[in-house]
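The values are calculated or read from the model by the stated rules, or taken from the named source; none is laboratory data. None of the values given here were measured: they were computed from a predicted structure. So basically every Cβ, Gly included, is an ideal-geometry build from the backbone, and we count neighbours across all protein chains shown.
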């Protein structure tokens, strides 16, 4: 029996375990310090698709297919997929799940999506609601820019606070 410890902690009597993992990325990820750790790197930021959003969906699709191949598990063996992205209503995740014919529980946790998904998947398995689950998340720079700022195609100038992905906060003393 699984037990709760306090209000925020769950203790598993038989902890679920991870069978396999996969990661895909773009050109810049491939050139970074973790580049060799990725299973697949895509040079084309569109992944052959017509939009950034479709490309992001393909990132998840490829990551899940590589995961299934590495684990030797077929899509029919997956009971639940937990996933999310930064597009409204987790659009990329839903399209990836549709193309994979997997039931999706959409998560919109921004930076916490993978951790939250792993917690939910572990509880689903430990609770007997699923035998095998998949957790997937993605963040395509261009679709995020479009969602939260301006489309890159727009060519708008960015404020200095957006350089290098860092936000600089200055405190003003009175």
Selection from segment 32-70 of residues crowded, with 17+ Cβ neighbours inside 10 Å and farther than 19 Å from residue 95 by Cβ yields 38
When every residue in segment 71-101 that is within 19 Å of residue 119 (Cβ to Cβ) and over 13 Å from the mean Cα position of the chain (by Cα) is compared, the one surrounded by the fewest Cβ atoms within 10 Å (Cβ to Cβ) is 79
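Residues of segment 1-10 being more than 24 Å from the chain's Cα centre (by Cα) and either assigned to a loop (DSSP other than H, G, I, E, B) or surrounded by 10 or more Cβ atoms within 10 Å (Cβ to Cβ) (or both), which ones? Lay out the reasoning, then the answer.
Step one: of segment 1-10, the residues more than 24 Å from the chain's Cα centre (by Cα) are 1-7.
Passing the criteria: 1, 2, 6, 7.
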Over segment 124-147, the set of residues closer than 13 Å to residue 79 by Cβ and either modelled with pLDDT under 90 or in a loop (DSSP other than H, G, I, E, B) (or both) is 127, 128, 129, 130, 131, 132
Residue 37 vs (1) without any contact (Cβ under 8 Å) to a residue 12 or more places away in the chain; (2) under 20 Å from the mean Cα position of the chain (by Cα): all pass except (1)
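Residues to consider are 43, 55, 21, 96; find the one that is at pLDDT 95 or above and at negative phi.
Numbers: 43 fails: at pLDDT 95 or above; 55 fails: at pLDDT 95 or above; 96 fails: at pLDDT 95 or above.
Going through 43, 55, 21, 96 in turn, just one is at pLDDT 95 or above and at negative phi: 21.
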Within segment 11-29, residues surrounded by 14 or more Cβ atoms within 10 Å (Cβ to Cβ) and either free of Cβ contacts under 8 Å to residues at least 60 places away in the same chain or in contact with a strand residue (DSSP E or B) (Cβ under 7 Å, 6 or more places away or on another chain) (or both) come out as 22, 23, 24, 25, 26, 29
